[in-house]
C-alpha cells in the first residue's frame, strides 16, 4: 500500500519522502501527530449501514478520508469436505484503482490479499459468527457468507476501516432462508471483535494512522480484541521491528479503544 | 482493431495516417470510395458452408479480402439455473494473429470480446434460434450451441463477416440427437438476422468498410435487421459521434441490404 | 532451459558462449568430455526414496549436481468420460526458481511443459502402471496418480533425473485403499522404462549431459526403453538436426544404459 | 408478464415517458482528481477520474491525443446473485463503449501521450447502470478540470408490452421487448453511445430515439445543477473563510 | 480392434506404405507475409508467416540470430469434442518442437534481433496435424521469402496390429501400438523433428524411420509443385498484364 | 479432543515448553548463492538465496535499498491432500511477512536497485512451516554472504487445552485454541514477525511471547552451529588440499 515512485522522478520523490519521514518522526518525538491527535486517539469512524439494500448486509465506513464499502452476500453452497457441519465464510478485498493513484486494476496484490486475510482472521478466530448454525443439510448444503470489501477512497488504515465495516455489515445481515421455505434470520453472532492498527514512527505506536503516517511508518501492528478483552488476532507488517514493550502497549490501547468503538460506534 | 504504431516510427506513422485520412475524406466528400464502390454497396460476400465436416455446422465467409471461418459445435450440458427450459447459446471470436500483424496471441482483447458480443446479440435478440426446443430434460440437460468464429485474414468489417458466417453455419447445423438415441435434426430456426456495418468518414456512412476505410473512420455503426425489416440489434463504436439523420440513413440501408443478402447469399 | 542473456551484457555473454561452444566441440572431437566421462557414460544417479513420508511415494534423485524431488499423491477422483475403466495418471514439473538463476516464478514455461510431457510419455506409453487396476467403481470413481516433480538444483539433464525419480517413486508408492475400507496396496507395475538423454556436440552423442554440455548442445535426443530393450518413447529437442546414424547409436546406448540403471540403481 | 396496466402505468407506477428519480453529487472522493456519485432509481454508481497522467506502459502512449480509459466494474454485492470479482466479458464491452463515448467529448488532442482514467463502480445495480455510469462520468471529468466540448449525457429507452417507454427498470429490462441505451452531447445532439437489442420497427426506433434525447436534455440540467451546487458550496466556504 | 484385414489393407483401404491424399496451396492469405494451406487426409491446416520483424519485448531479442516462434493452435470446432480456445499443454509442446524443427532449416543468423512468427491453425484434425502443419509451414516460409537451407518435410510412421505402417489415420492413432512423427531436411536427410510413443523393437524402429523418410521425399515434391504452381500463375498474370 | 494428558504431556510426549527436534544444514545447493535445509519435527524445508542482483523489471528498483523478495511455496505432495501447484492466497501472505521480517535484519541500504530473492520450498509440512522457513532463510542469507545485523530466528507458541505451550504440532494447530508465530532478532530481541489467531488473555499472550523468545535464543544457537559446521568442513577440505 506504499506510494509508487515513477522512474522519472525517483530521486526527487525519494528526497521528499525522506523529509516527510524526518518531519513526522520529529513531531512524534515531541508527543504530537500531524493532524493533532493523541497517539492513542482514532479518527472517529462513522458507519452507515444498509447502504446497499440489494445485499444481505452492507456498511459504509468513513475513517478520516478513508472510505470503504462492505457488502455481505449469503448464498447456498456445498460445505468443505472436512467441515460438513459448518457454514462457510469467505472474505475478499478490492483495492479499487478509484481509491488511490497507487492502486492498479488487475488480480489482487499481496497488499489486498493480506488485508482480506487479516480482516478474515479477526472475524473467524474471534468466532464472531456461529458457523455451525449455518448448515442447511449436513454435508450437502450450507450457507456461504461472502464478505466483499470495496476500498473507495484511501487515506490510510484500511485494516481497521474494513474490519469495522465487515463487523457492522455482518451484524445487520439477514440469512435469506426464505429461499428454502423458512424465515429469514439474522446471522448468529457470538462475539464482536474490534481491530486497532498502529504505525510505529520513531519509537511511538500511533493508533489509526492516516495515509501520511502510514507512508513513513517503520512497522505496522494490528491487534483484534473481543468484548472480554481477549486478543483474538494480530498481525505485524512492514519491514521494521517492534519491541515487546511496544507490543503490549499496543495491546493495552487496543483493548481500551475496542471497548470504546464497540459501544460508541456499534452501540454494543 | 486499430493499427498499432511502433514506438520507433510513431511520428512517421502518424503523418501517413493523417494523409490517408485526409485523402479518404476528400474522395468521400466527392461521392466516391477508395475501391470504387457506392456508399451503400457491400463487397459481395461469398459463403462456403460445410468446410469443416467434423463440426455440427460450419461456414467460411469471404468479404473482400476478409476471411473468417465459423464452426458450430453442439453438445449436451446443464441449463442455466434461471432458464431451466432453454438451450444455451455461446459465442466466441478469435482474432488469430495469423490474420493481421496487429493481432496478438493471448486472451481475447476488448475488440474480440465486443465482436463476439455484437454477433451474439444479433442472433440472440432476433430470436433466430428457438432455444426452447433445445431442451433434453428440463432443468437437467439441454443442447449447448457453441459458435466459434476464427478470423483468418483481416481486411475490415469483421462484424458483418462473422455475423453472416454464424448465421450461415447455424442454418446448416444439425443437432447430434443420435447421441441420445433420437434422430439428428436441424436447429429450429425462427428468423434470419443480417448485420450491416457502416464507417462514418466525413459525414458519410459507408456500408461494409474495408480495412483502409476502417482505419480512418470517425465512428462505426452496426445495424442488424430481420426479414420483417425490424431492427434487432445495434452497436455504435469508436470515439466519434453520429447524428440522428446518419443513424436512420444507416438503418434504412441496412434493411435494404439485409433483404438483398438474405436472398442473394443465403437463398432465403 | 537455456541460459538467459541479460540485455546489458549481451555481447559479452555471446562471446563467452561462443568460446565455450568451440572449446567443448574441440575436446569432444578429440574423444573426451569436460568432466572426463566417456560419451556413453552417465554421471551415476543416486536415488533416495521415501524422502517425504507424507506422500504416497517419493524419491530424491541426484545426477551430478542436478537434484530433483518427485512426490506421488494418489487420490480418489472421477474417470475421464472416454476411459471409464481406467485410473488416471497426471504429471507435472516445477522448474523452481530455487534451482537456477534462469528459472522464473510463474506458470509453467514451455520447457517445464515439455519436460513433464516427455516424462509422462515414457511412463504412460511403456504401460509401466496398469491403470485398469486402479478403478474403484467403473465410470464413477478411480484412483488418480499425481506425479509432481520439483527441480531443486539444476546441473543439466532434467529429463533423465525426473524420469528416474518418477519411476523410483512409483515403484514404492502405495495406493491408500484404506480410505475406502480396503487394504493399501502397491501400484500395479508392468514395466520399468528408463530414459537416456543425449546432447549432440559436434557430431557426437553425449549421454547424460551436464549443464555446460547442455548449454552448447546442437540438438538433444531422449530415448526411453523398457526391460525388453524395446523403445517406448523418444523426443528430439532444440534447433539442430541429427542423422539416422546418430539416432540409432543413441538408441543402442539407451538400451545398454537402461539395463544397467534398471539393475544397478533400481535393483530390478 | 404484464408490464403496463389498464391505466397505462408501468409496474413501478411511472408513465411511459417518466424517468426514475435521479440524484447527482460532485466531488465526493478525496484521492481522485475528480469524482461524482449518481443514484438513478435503485442504481448507485460512484465515479473517479485520474489524469491526464503519463500513459504507462510507454507503448500505450498516443502521440497525438490522450487515451480515455473507462473501467466499468460491478461490486460483488451489487446484484442479486454475487458476482465474482474482476472484469467479465460484459464489463469489458461496457467499458469500451463508455470510454469511446467520453472520447467524443473530451479535447483529447490537448494531452498527447497521457491517459485519462475513468473508474466507474456500480455499488448497486438496477438496470441502466452503463448510462448512469456514463452520465456520472462526464460530471466527474468536469470536476477533474478536463476540458470538454460539452458533457455527455444519456438515457435508455425501450419497448415493453408493444409500447415505447423511457428508462427501463430491472423487471422491464428482463421481460421487455427491446432496450436502447443511448447517450448524446446535448449542445449538438450528436449520438455518442448507442446500443440496442430486442425488436423495434423503424418507427418505434425513431420514437425511442426521440424519447431518449428529450430525457437526456433534462438530465443534462441535473448534471449542471450538481456541478453548480459544488461550486456554490465552495464559494460559501471561501466566503466563510474570508468572513472569519 | 482389427486395424489390418486379411488382404493386408487398413481400415481406410490403404496399403501399409500408402499415404493419405495430400493437397498443398501457397499464398492463400492476403495479410500475412507468407502463407499456405494443406489438406492431408481429413486434416485441414492453414499457415501464416510474419517476419522477420523486430522481436518484442526487447529482452526476447537474440543478438546472433532470429527467433523462430511457431504457434500451433486447434480451432475449437476442429475436433469431435469442442476444444476450449487458447493453448493447452499439448499445443505448447507441439509449438516448441515445430519451431525447433523449422529453426534447423532457416538461415536465422541472417536476421539477428528479429522474430519469424509461424502461425499454424488446425481447422479440422484427423491425426498427424503437427506434421501436416510443419510441412505446410516450410512452404509458407518460402512464400514469405525467408532464406532456408531446404524445406522441412515430414510424415509419421507407426505400428498397428504388429506391423509398421505409414501415416496413421485417427483410428490407427487411437488404437495402434506406436506413433512416430518425424521430419527431415530432404537435401541432407537430417532429422529435425522426432517424437515417438508406444512400443517398437529396434528393427521396427529402423523400418519405420525408413518408411517415413521415403514418404517425406515424395511429399517434398508436392511442396515444390505447390510453390511452382503459385509462381506460374503469377507469371501468367504478369504476362496477361503485359498483353493488355 | 484432549491435547494434554494427566501427566501434563502433549500428544507427541513433549512438555509444554519443549521443542520438536530441529536439524539445520547449510550450503546444500550448488546453483544458488546461498542455501540451507531445515528439518523441524515433520517439517522439511529447503531455502535458496539469489542476489543481490539487479531488480527486474526496472520499475521495481528502489533507489535507496535492496528489495527482499521471499517466495514461500508448498510442494504439491507436502500435505495430506495434494496442493495445486502455484501460489495461493495463504502463500502470498506468508511470503509477504517472511520477506518483511528478513528486511528488518538485512543491510538493504547497501544494495540499492537490487533484489535479494529468497526461495522457500516446503517439501513436507507439519505445522510451523513459515517459522521453519524463516529460520532457515536467515541462515541461507548468511551463506550467500549478505550482510545482516543479526540472523532472524523464530518459534511459534500457542494455547492448547487452556495452557500456553511452545511449538505446536499439526494436531495442536488444528484443534488448539491459539497460535502465535513469532520471530525476533536475537541480539536486540526486537520482534520482526508476529501473527496470532485464536484467543488469549493479555497474560497468556505475555507468557507465550516469553516462551517463544526463550526458544528462539536456543534455536539461534542451532543456526550458528550449522554455519560453523559448514565453515569447519570447508577449512578441513582446504587443509586436506594443502596437505596433499
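Suppose the filter is assigned to a helix (DSSP H, G or I) and in contact with a helix residue (DSSP H, G or I) (Cβ under 7 Å, 6 or more places away or on another chain); does residue C:232 pass it?
no
Looking at the range D:128-147, can you tell me whether even one residue there is surrounded by 24 or more Cβ atoms within 10 Å (Cβ to Cβ) and at positive phi?
Within the range D:128-147, one or more residues are surrounded by 24 or more Cβ atoms within 10 Å (Cβ to Cβ) and at positive phi.
How many residues does the range C:64-77 hold that are crowded, with 24+ Cβ neighbours inside 10 Å, over 18 Å from residue C:188 (Cβ atoms) and at the interface with chain F (Cβ under 8 Å from one of its Cβ atoms)?
The qualifying residues number 3.
What residue, among those in the range D:44-56 that are in a strand (DSSP E or B) and away from chain A (no Cβ under 11 Å), is farthest from residue D:89 (Cα to Cα)?
Restricting to residues being in a strand (DSSP E or B) and away from chain A (no Cβ under 11 Å), the top hit is D:52.
Pick out the one residue from C:171, C:115, C:131, C:164 that is at pLDDT 95 or above, closer than 25 Å to residue C:223 by Cβ and in contact with a helix residue (DSSP H, G or I) (Cβ under 6 Å, 6 or more places away or on another chain).
C:115
Given (1) at pLDDT 95 or above; (2) in contact with a helix residue (DSSP H, G or I) (Cβ under 9 Å, 6 or more places away or on another chain), where does residue E:211 come up short, assuming only one miss?
(2) is the only condition that residue E:211 fails.
So which of B:257, B:221, B:206 ends up being crowded, with 17+ Cβ neighbours inside 10 Å, away from chain D (no Cβ under 12 Å) and in a strand (DSSP E or B)?
B:206
I'd like to check something: does the range A:157-173 contain any residue that is within 14 Å of chain D (Cβ to nearest Cβ) and more than 25 Å from residue F:196 (Cα to Cα)?
Taking every residue of the range A:157-173 in turn, at least one turns out to be within 14 Å of chain D (Cβ to nearest Cβ) and more than 25 Å from residue F:196 (Cα to Cα).
Taking the range F:125-149 only, how many residues are more than 14 Å from the chain's Cα centre (by Cα) and within 12 Å of another protein chain (Cβ to nearest Cβ)?
1
Among the residues of the range E:59-72, is there at least one that is surrounded by 23 or more Cβ atoms within 10 Å (Cβ to Cβ), more than 23 Å from residue B:108 (Cα to Cα) and touching a helix residue (DSSP H, G or I) at 6+ places or on another chain (Cβ under 7 Å)?
yes
Within the range A:20-37, can you find the residues that are touching a residue at least 24 places away in the same chain (Cβ under 8 Å) and in a helix (DSSP H, G or I)?
A:20, A:21, A:24, A:25, A:28, A:29
Residues C:63, C:89, C:69: which one is within 21 Å of the chain's Cα centre (by Cα), within 26 Å of residue F:137 (Cβ to Cβ) and touching a residue at least 40 places away in the same chain (Cβ under 8 Å)?
C:69
Go through the range E:84-95 and report how many residues are more than 30 Å from residue B:176 (Cα to Cα) and either buried (at least 21 other Cβ atoms within 10 Å of the Cβ) or away from chain B (no Cβ under 14 Å) (or both).
The qualifying residues number 3.
Which of the residues that make up the range E:57-78 are closer than 30 Å to residue C:18 by Cβ, at the interface with another protein chain (Cβ under 7 Å from one of its Cβ atoms) and without any contact (Cβ under 8 Å) to a residue 12 or more places away in the chain?
The answer is E:58, E:59.
I'm told residue A:237 meets every condition in (1) under 14 Å from residue F:196 (Cα atoms); (2) more than 9 Å from chain F (Cβ to nearest Cβ) except one. Can you identify the failing condition by its number?
(2)
Name the residues in the range B:44-63 that are part of a loop (DSSP other than H, G, I, E, B) and either touching a strand residue (DSSP E or B) at 6+ places or on another chain (Cβ under 7 Å) or facing chain E (nearest Cβ under 9 Å) (or both), would you?
Those that are part of a loop (DSSP other than H, G, I, E, B) and either touching a strand residue (DSSP E or B) at 6+ places or on another chain (Cβ under 7 Å) or facing chain E (nearest Cβ under 9 Å) (or both): B:45, B:50, B:51, B:52, B:53, B:54, B:55, B:56.
Would you pick out the residues in the range D:72-93 that are outside any loop (DSSP other than H, G, I, E, B) and farther than 22 Å from residue A:53 by Cα?
Scanning the range D:72-93 gives D:89, D:90, D:91, D:92, D:93.
Regarding the range E:32-43, can at least one residue be identified that is free of Cβ contacts under 8 Å to residues at least 40 places away in the same chain and within 9 Å of chain B (Cβ to nearest Cβ)?
Looking through the range E:32-43, none of the residues is free of Cβ contacts under 8 Å to residues at least 40 places away in the same chain and within 9 Å of chain B (Cβ to nearest Cβ).
Residue-wise test of (1) over 12 Å from the mean Cα position of the chain (by Cα); (2) under 30 Å from residue C:19 (Cβ atoms).
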{"residue": "C:134", "(1), (2)": "yes, no"}
{"residue": "C:140", "(1), (2)": "yes, no"}
{"residue": "C:143", "(1), (2)": "yes, no"}
{"residue": "C:147", "(1), (2)": "no, no"}
{"residue": "C:156", "(1), (2)": "no, yes"}
{"residue": "C:179", "(1), (2)": "yes, no"}
{"residue": "C:198", "(1), (2)": "yes, yes"}
{"residue": "C:209", "(1), (2)": "yes, yes"}
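Suppose we filter A:25, A:30 for residues that are more than 26 Å from the chain's Cα centre (by Cα) and surrounded by fewer than 17 Cβ atoms within 10 Å (Cβ to Cβ); which single one remains?
A:30
Might you check whether a residue that is part of a strand (DSSP E or B), surrounded by fewer than 24 Cβ atoms within 10 Å (Cβ to Cβ), away from every other protein chain (no Cβ under 11 Å) and in contact with a helix residue (DSSP H, G or I) (Cβ under 9 Å, 6 or more places away or on another chain) occurs anywhere in the range A:84-102?
So far as the range A:84-102 goes, yes, one or more of its residues are part of a strand (DSSP E or B), surrounded by fewer than 24 Cβ atoms within 10 Å (Cβ to Cβ), away from every other protein chain (no Cβ under 11 Å) and in contact with a helix residue (DSSP H, G or I) (Cβ under 9 Å, 6 or more places away or on another chain).
Restricting attention to the range F:34-44, does a residue exist that is more than 21 Å from residue F:152 (Cα to Cα) and touching a helix residue (DSSP H, G or I) at 6+ places or on another chain (Cβ under 9 Å)?
Yes, the conditions are met somewhere in the range F:34-44.
Do you know which of the residues in the range D:158-190 that are crowded, with 18+ Cβ neighbours inside 10 Å and under 19 Å from residue B:246 (Cα atoms) is farthest from the other protein chains (Cβ to nearest Cβ)?
Once the filter is applied, the top-ranked residue is D:186.
Give the residues of the range C:103-132 that are within 14 Å of chain F (Cβ to nearest Cβ) and either within 14 Å of the chain's Cα centre (by Cα) or touching a residue at least 24 places away in the same chain (Cβ under 8 Å) (or both), sorted by residue number.
The answer is C:103, C:112, C:113, C:115, C:116.
Run down D:81, D:100, D:109 and say which single residue is more than 10 Å from every other protein chain (Cβ to nearest Cβ) and either surrounded by fewer than 23 Cβ atoms within 10 Å (Cβ to Cβ) or within 20 Å of residue B:109 (Cβ to Cβ) (or both).
Just a single option satisfies the conditions, and that option is D:109.
Let me confirm something: among E:69, E:30, E:62, which residue is over 13 Å from the mean Cα position of the chain (by Cα) and part of a strand (DSSP E or B)?
Of the residues listed, the single one that is over 13 Å from the mean Cα position of the chain (by Cα) and part of a strand (DSSP E or B) is E:69.
The values are calculated or read from the model by the stated rules, or taken from the named source; none is laboratory data. Nothing here was measured: the structure is a model prediction, and the numbers come from that model. Note that we place each Cβ from the backbone using ideal geometry, even for glycine, and neighbour counts take in every protein chain shown.
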